[in-house]
């Protein structure tokens, strides 16, 4: 939609006329797009351009085992906090599973406290970015699931202590 000039034949009051000619940018949905998807797409393209035979990021050391890589991923996930609760998402019990295949690709299965959570759209993307940044990960897929539903029994004792529930 171009807002720089009114439609032909439309009456526009003088007080609503622009004071000076201003160059206004126009952005179509095709040009803009969703910024996170574009960022992730760019990151994936850069990774495939690199040599995919080595599981290590540039300058890093490959993990010795899947258990070591999983430990690195868990540490990274502990840096992501629920915006409404001062506890990280791993201790909250929002991560249901971390699966690593033989090519060092990671699938994270997670949930949120409720489908109406304000970060329902952004949290999976944040998890994907964080896991992709872990040394040794070749790619990440995040699956957001609602079954089984999250409840407070999923929280670790550390999280319960932090929230005063113990």
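The values are calculated or read from the model by the stated rules, or taken from the named source; none is laboratory data. In this text, all values refer to a predicted model and were calculated from it rather than measured experimentally. In this analysis, Cβ positions are derived from the backbone assuming ideal geometry, glycine residues included, and neighbour counts consider all displayed protein chains.
Summary of computed values
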{"quantity": "Of all residues in the range 93-107 being in contact (Cβ under 8 Å) with a residue 40 or more places away in the chain, farther than 15 Å from residue 130 by Cβ and in contact with a strand residue (DSSP E or B) (Cβ under 9 Å, 6 or more places away or on another chain), the one that is surrounded by the fewest Cβ atoms within 10 Å (Cβ to Cβ)", "calculated": "103"}
{"quantity": "Among the residues listed as 56, 49, 76, the single one being surrounded by 13 or more Cβ atoms within 10 Å (Cβ to Cβ), modelled with pLDDT under 80 and on the phi < 0 side of the Ramachandran plot", "calculated": "56"}
